[in-house]
1. Give me the residue from the range 352-383 that is of a type in the set (A, V, I, L, M) and within 30 Å of VAL163 (Cα to Cα) and, out of that set, surrounded by the fewest Cβ atoms within 10 Å (Cβ to Cβ).
2. Could you tell me which of the residues ASP324, ASP330 is in a loop (DSSP other than H, G, I, E, B) and of a type in the set (Asp, Glu)?
3. Regarding LEU249, is this residue crowded, with 17+ Cβ neighbours inside 10 Å, of a type in the set (A, V, I, L, M), assigned by TED's automatic domain parsing to the domain that holds LEU367 and in a helix (DSSP H, G or I)?
4. Every residue in the range 200-244 that is more than 30 Å from GLY166 (Cα to Cα), touching a strand residue (DSSP E or B) at 6+ places or on another chain (Cβ under 8 Å) and exposed (fewer than 13 other Cβ atoms within 10 Å of the Cβ), please.
5. One residue is enough: does the range 72-82 have a residue meeting the conditions β-branched (Val, Ile, Thr), modelled with pLDDT under 90, crowded, with 19+ Cβ neighbours inside 10 Å and assigned by TED's automatic domain parsing to the domain that holds ALA203?
6. Would you mention how many residues in the range 48-67 are surrounded by fewer than 16 Cβ atoms within 10 Å (Cβ to Cβ) and either in contact (Cβ under 8 Å) with a residue 12 or more places away in the chain or assigned by TED's automatic domain parsing to the domain that holds TYR354 (or both)?
7. Taking the stated definitions as given, is ALA188 touching a residue at least 12 places away in the same chain (Cβ under 8 Å) and assigned by TED's automatic domain parsing to the domain that holds GLY78?
8. Report, by residue number, each residue of the range 162-172 that is out of contact with any Phe, Trp or Tyr (no Cβ under 8 Å at 6 or more places or on another chain) and either over 20 Å from GLY62 (Cβ atoms) or crowded, with 20+ Cβ neighbours inside 10 Å (or both).
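The values are calculated or read from the model by the stated rules, or taken from the named source; none is laboratory data. Please read these numbers as outputs of a predicted model, since none were measured by experiment. Because the Cβ atoms are built from the backbone with ideal geometry, glycine has one as well, and the counts that use them run over all protein chains shown.
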Amino acid sequence: MNNDLEVKMADTAPSPFTPGYGKKPAIFGGHGAEFTELRAVFDTLDFGENHSVLVSGLRGAGKTSFITTLQDDARDAGWLVISDDASAGLMGRVMDSTIPALINAMTRESRARLTSFGIWEFNAEIEYVNRHRTVKPQLRSDLVALSSALGASGGILITIDEVSSGKVRLRELSRFALQISHALEDGAQIMVVFAGVKVSLDALLAEEHTTFLRRSREVEFERLSAGETRRVFIETAAIGGRRIDEDALTRLVSLSQGYPYLVQLAGDYAWRNNPNAPTITLADATIAHDKAIKAVESRVISRVYGDLSDVDQKFLNAMAEDDDRTKVADIVKRMDVSDAYVQVYKKRLIDSGYVHAAGHGYVQFSLPYLGAYIRRQLAAEARDGGGTGGWDAYPAPELPS
């Protein structure tokens with residue numbers, strides 16, 4: 001490698017912004033009180049209302065980063081951490097893979113205490129061998145045994161991300177939650193965190209066996225305030241040894257609109273535009289603006305919109321005719337349906353986090369740039385003949401028989 005290139009690479013400071021999936025931000029915006037109270041549980045085992053926590057918010061709002069941070073804090077406090085998502089086979093993965101791995105990582109003394117429960121088989125060196133199967137294994141028993149082996153030195157943090165409202169997934173999650181509730185009744189020191197969009201979490205709460213989750217602490221992720229957004233940009237850049245010019249900061253704050261993923265993405269693009277300079281300038285922020293908007297539209301907004309039902313999309317299309325907030329009565333007229341019908345979808349979209357109330361009788365987009373994205377999509381469809389690319393005028397000929 002060229003020596004000059006080696007020196008340049010060595011002098012380039014790595015970006016402290018973390019737009020990657022599930023990456024912990026160097027500076028977390030908002031939710032300081034929640035972090036403080038949950039971290040205190042890891043040190044004191046004084047749970048209060050924090051045995052179960054529901055974390056809701058839009059894609060990219062910071063849910064996964066939040067639970068990743070909790071996981072690291074719990075491990076630092078000596079807790080065991082069970083982390084997974086709500087995909088099919090959750091119970092099997094936790095019991096057959098995650099828990100055995102945790103046992104193997106425990107101290108010899110803790111493993112020795114586990115032998116008295118007769119749930120797992122250990123060899124002469126007190127190393128995990130297999131599950132003892134004279135009695136059908138249950139997650140409840142595993143959690144109680146692990147908690148007892150830890151004693152007063154720690155608890156068990158269980159985090160389940162990507163909660164889905166699909167019926168099959170919800171049934172498995174319900175059974176999983178039931179086992180946790182029984183373990184809590186048996187005295188296990190557990191904090192369980194479920195994360196997903198609000199409608200999916202509400203669907204989970206409606207399942208049988210999830211009564212204890214209805215008393216959960218709720219942490220809702222919305223966009224950051226303008227002041228918090230400024231703080232995150234300034235303090236994150238400072239960690240990397242750089243400052244941000246005021247005009248560049250104003251541009252980045254306006255661009256991100258307090259959306260956590262966009263804060264990290266825009267900050268990262270601005271940082272990397274000229275990483276050796278001591279200051280992030282307006283030129284850097286301008287480059288970041290164009291790149292970040294394209295990236296967030298392709299990675300988040302288009303997928304969010306595409307995942308919605310046809311009626312949800314029609315509701316948002318009706319909203320997109322306005323640049324700012326939309327009167328609900330106008331949505332009724334544009335969709336040509338009853339007010340009661342619109343109210344059902346209004347509630348769905350508010351609960352999903354895509355829309356929020358903006359004064360009596362008005363709604364507004366919650367996800368930055370969603371309205372602008374829809375307007376461009378509708379304009380493109382109008383130009384190319386309703387989204388067919390103009391092929392309606394050129395039907396394919398019949399194939400010869």
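1. Applying the first criterion (of a type in the set (A, V, I, L, M)) to the range 352-383 yields 355, 357-358, 363, 367, 370, 372, 374, 378-380, 382.
Subset that is within 30 Å of VAL163 (Cα to Cα): 355, 357-358, 363, 367, 370, 372, 374.
Numbers: VAL355: 24, ALA357: 13, ALA358: 15, VAL363: 24, LEU367: 25, LEU370: 22, ALA372: 15, ILE374: 20.
It comes out as ALA357.
2. On the way: ASP330 fails: in a loop (DSSP other than H, G, I, E, B).
Going through ASP324, ASP330 in turn, just one is in a loop (DSSP other than H, G, I, E, B) and of a type in the set (Asp, Glu): ASP324.
3. Numbers: crowded, with 17+ Cβ neighbours inside 10 Å: yes; of a type in the set (A, V, I, L, M): yes; assigned by TED's automatic domain parsing to the domain that holds LEU367: no; in a helix (DSSP H, G or I): yes.
In short, no.
4. none
5. Scanning the range 72-82, I find no residue that is β-branched (Val, Ile, Thr), modelled with pLDDT under 90, crowded, with 19+ Cβ neighbours inside 10 Å and assigned by TED's automatic domain parsing to the domain that holds ALA203, so the answer is no.
6. 1
7. Numbers: touching a residue at least 12 places away in the same chain (Cβ under 8 Å): yes; assigned by TED's automatic domain parsing to the domain that holds GLY78: yes.
Against the criterion (touching a residue at least 12 places away in the same chain (Cβ under 8 Å) and assigned by TED's automatic domain parsing to the domain that holds GLY78), ALA188 qualifies.
8. Step one: list which residues in the range 162-172 are out of contact with any Phe, Trp or Tyr (no Cβ under 8 Å at 6 or more places or on another chain), which gives 162, 164-172.
Selection gives SER165, GLY166, LYS167, VAL168, ARG169, LEU170, ARG171, GLU172.
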